[in-house]
Amino acid sequence: MTRVGTALSPPTLRLYQWDSPTISLGYFQHYADYETLPAPAGGFPVVRRLTGGGAILHDQELTYSLSLPVGHPLLADGPSRLYELAHDAVIESLTSLGLRTTRCGMSDDSGAARGPFFCFQRRHCYDILLGADKIAGSAQRRTRNAILQHGSIVLANRFAQQPTAVVERPFDESIRGVRSAMVETFARIPGVSCMPGGWSGEELAAAEALHEKYASEAWTRRA
């Protein structure tokens, strides 16, 4: 995000998965609340995000992150418009799997530091629903130079703390379909071009320098 904001790296859409079930805490959440979780979630590895909101149990999902400099065309109508653009891409991607999903259309009173512990028990107007269940949502971190937006698209359910609705296809097939459809959908947005890329040496070095901070107990237990 910092490198994108200072033009050291290009605007970046990243699609990734998780090696093992992991809890990510929202920036403002209390670590003590994680410690009270019943099994199995209470025994999973835990990290803390830069963004607010509720905790997420990451497992069989596709996670995306989008880093943009503040002057990027996708931000011309304001940061909130980015939620709509990204979630429209998610909805179109899920439609390619034969799923009929919609935006939630209304928000509850959850905030960055309040609401149910798990994000997928909260509701925001941009959230994506399959039936009555939230299966995708996003959050942002904004600085003077850049915006990071990331979100989770739940494609299968193995734990009670996750949404009940699932994609009725093998996970590996679903993940391939949504991944390719997401890139194709973003590439059709006016003013956007998508080209595959890898990590540069400078980006890997920057990530290594940040690893000590964000992997530390001091960061994870900060609240």
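What to note about this one:
- Most fluctuating residue given options Leu74, Leu204, Leu129, as computed from a GNM of the chain linking Cα atoms under 10 Å: Leu204
- Whole-Å semi-axes of the ellipsoid equivalent to region 176-223 (Cα gyration tensor, √5λ, descending): 33, 16, 10
- Inter-part distance, region 129-160 to region 1-64, computed on C-alpha centroids, equals 10 Å.
- A run of the chain free of exposed loop cleavage sites, with trypsin sites (Lys or Arg not before Pro) counted only in DSSP states other than H, G, I, E and B and at most 14 other beta carbons within 10 Å, reaches its longest extent at 1-99.
- More than 30 Å apart - percent of Cα-Cα pairs taken over the chain: 22
- Rounded to the nearest 500, the helix-only mean residue ellipticity at 222 nm of the chain stands at -8000 deg cm²/dmol, with each DSSP H run of n ≥ 4 adding -39,500 (n - 2.57).
- Overall, the chain carries a charge dipole of about 440 debye about its Cα centre when +1 sits on the Cβ of Lys and Arg and -1 on the Cβ of Asp and Glu, all other atoms neutral.
- Relative contact order computed over the chain (Cα-Cα under 8 Å; 6+ residues apart), in percent: 24
- Most mobile listed residue (Gly198, Gly115, Gly131) in the chain, GNM with C-alpha springs under 10 Å: Gly198
- When the Gaussian network model of the chain links Cα atoms closer than 10 Å, the mean-square fluctuations of Ser24, Ser138, Ser110 top out at Ser110.
- When region 2-191 is described by a simple charge dipole with +1 on each Lys and Arg Cβ and -1 on each Asp and Glu Cβ, the residue from Leu155, Phe186, Cys125 located farthest towards its positive end is Phe186.
- For region 26-97, the Kirkwood hydrodynamic radius from C-alpha pairs, put into Stokes-Einstein at 4 °C and a viscosity of 1.567 mPa s, yields a diffusion coefficient of 86 µm² per second.
- Size-normalised alpha-carbon gyration radius of region 96-161, reference 2.2 N^0.38 Å: 1.22
None of the figures in this text is laboratory data; all of them are computed from the coordinates on show. Source: prediction; values computed, not measured. Reconstructed Cβ throughout: ideal geometry from the backbone, glycine too, with neighbour counts over all protein chains shown.
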